[in-house]
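The values are calculated or read from the model by the stated rules, or taken from the named source; none is laboratory data. All of these numbers come straight from a predicted model, not from anything done at the bench. No Cβ is skipped: glycine too gets one built from the backbone with ideal geometry, and neighbour counts run over all protein chains shown.
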Amino acid sequence: MSRQTRRTRREAPPADARNLSAKDLWSQVLKRLSEHPNATLQDPDYDPEPDRQKLRIAMRDAGWTDDQIDSLLQAQEERIAAAPSTSPGVAPHAEFIFGKLCDDVEAAMTRLGMDSHGRVARGIEPRLGPWAAKTNVIMTDESIVTVGAQLFRFCGVVARAFTRTVMLDPTAWESANYRPEDGVRRIRSRPDLLKYWLQIYLSYAVTGMHVLVPFRPSSPFEAILFEQVARAMELFATAHEFGHHHLDHGRAIDVTAARREEYEADQFALRICREIEKQPVLLENPYLSSGAGGLILLRAMRMLGRFEAKLDGVAERVTAHWETIDLGPTRGRSGPLA
């Protein structure tokens with residue numbers, strides 16, 4: 001009898017009690033991560049007003065009106081006020097984004113007849129670098145799905161750079177006569193854009209965050225495409241980890257199985273993204289329905305790995321940033337997320 005069959009014959013616990021072990025384990029893990037000297041926690045004395053003023057200036061320079069800026073800042077304040085608290089100490093804006101992404105993924109899973117997400121606890125790891133992970137809770141069928149506190153910033157700056165690259169010549173990239181060298185030539189014709197790409201990868205390779213990337217907000221003309229690309233990247237990352245949970249991954253130890261599981265999680269994420277796009281937000285998002293957002297994210301992570309390897313003087317890393325590991329309540333964390 002398969003484990004899945006055995007699960008279906010158990011008496012199901014109440015819906016609000018199916019992830020209690022995962023939540024308890026996450027509280028233990030978060031406590032340990034928060035004690036690290038490099039933990040990316042928000043300063044309790046942080047005053048957002050200076051950053052708001054900088055944002056106003058940058059957005060005016062990008063072509064936004066004062067009324068538009070006021071509306072965007074008001075929306076941001078409302079999101080922060082409504083943010084859940086899965087990971088106390090982490091920036092509430094990241095909590096809001098991750099909560100909305102998880103809600104969208106879980107709603108899509110429900111429409112597809114899946115209920116495994118009820119056994120998932122969510123969390124944001126206060127760690128440097130763009131991470132996403134699924135942690136198995138041993139002796140249970142529960143999991144913790146987490147993202148690194150810097151993941152959404154990474155998706156944002158990559159999406160912004162991608163948008164500006166597309167805008168160099170919007171029709172050329174899909175031309176029947178397009179050649180890769182043509183794309184290289186176009187990017188090299190804009191040293192400022194090439195420098196922006198390099199600043200992104202160098203910043204994350206050296207510091208694990210966006211500190212070396214100049215703040216250049218999207219213009220009103222760029223905003224829709226930027227939001228579509230960023231949302232598609234973030235949803236793919238989130239759905240990928242839910243896929244690892246739904247498919248009961250992370251228990252095999254051989255490399256072949258690990259690669260197969262990554263492929264299966266990618267396919268699961270594509271299915272979920274297509275289902276989400278059946279109920280589009282405002283406008284249709286081709287980067288979500290086609291899987292292009294996931295491809296942009298995976299290629300960006302691959303490029304980041306190359307930069308990290310160059311800086312470390314080693315061969316290119318083959319280990320993905322998306323990891324699936326086992327972790328029990330009494331065990332230390334193992335693997336690349338240690």
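The residue list VAL90, VAL120 contains one member that is farther than 26 Å from LEU304 by Cα, among the β-branched types (Val, Ile, Thr) and touching a residue at least 12 places away in the same chain (Cβ under 8 Å), which is VAL120. Do we find a residue being within 24 Å of THR140 (Cα to Cα) and in contact with a strand residue (DSSP E or B) (Cβ under 6 Å, 6 or more places away or on another chain) anywhere in the stretch 262-270? The answer is no; no qualifying residue exists. Residues in the stretch 134-155: is at least one more than 23 Å from the chain's Cα centre (by Cα), assigned to a loop (DSSP other than H, G, I, E, B), surrounded by fewer than 19 Cβ atoms within 10 Å (Cβ to Cβ) and aliphatic (A, V, I, L, M)? Yes, the stretch 134-155 has at least one match.
Would you check which residues across the stretch 67-87 are assigned to a helix (DSSP H, G or I) and closer than 30 Å to VAL120 by Cβ and list them?
ALA75, GLN76, GLU77, GLU78, ARG79, ILE80, ALA81
Scanning the stretch 304-324 turns up one or more residues that are at pLDDT below 90, polar (S, T, N, Q), within 30 Å of THR163 (Cβ to Cβ) and over 15 Å from the mean Cα position of the chain (by Cα). ASP141 fulfils the conditions (1) among the acidic types (Asp, Glu); (2) touching a helix residue (DSSP H, G or I) at 6+ places or on another chain (Cβ under 9 Å); (3) within 27 Å of ASN285 (Cβ to Cβ) except for a single criterion, (3). Candidates in the stretch 1-55 are the residues that are of a type in the set (Asp, Glu) and part of a helix (DSSP H, G or I); of these, the one that is modelled with the lowest pLDDT is ASP16. Checking the structure you have, find out if any residue of the stretch 33-43 is more than 30 Å from ILE144 (Cβ to Cβ) and either out of contact with any His (no Cβ under 6 Å at 6 or more places or on another chain) or not β-branched (Val, Ile, Thr) (or both). Checked the stretch 33-43: no residue is more than 30 Å from ILE144 (Cβ to Cβ) and either out of contact with any His (no Cβ under 6 Å at 6 or more places or on another chain) or not β-branched (Val, Ile, Thr) (or both). Does at least one position in the stretch 99-111 carry a residue that is touching a residue at least 60 places away in the same chain (Cβ under 8 Å), surrounded by 14 or more Cβ atoms within 10 Å (Cβ to Cβ) and either of a type in the set (D, E, K, R) or outside any helix (DSSP H, G or I) (or both)? For the stretch 99-111, residues touching a residue at least 60 places away in the same chain (Cβ under 8 Å), surrounded by 14 or more Cβ atoms within 10 Å (Cβ to Cβ) and either of a type in the set (D, E, K, R) or outside any helix (DSSP H, G or I) (or both): present. Quick test of your reading of the structure: TRP64 fulfils all but one of (1) in a helix (DSSP H, G or I); (2) modelled with pLDDT of 95 or more; (3) within 18 Å of GLY156 (Cβ to Cβ). Name the failing condition by number. Among (1) in a helix (DSSP H, G or I); (2) modelled with pLDDT of 95 or more; (3) within 18 Å of GLY156 (Cβ to Cβ), the lone unmet condition for TRP64 is (1).
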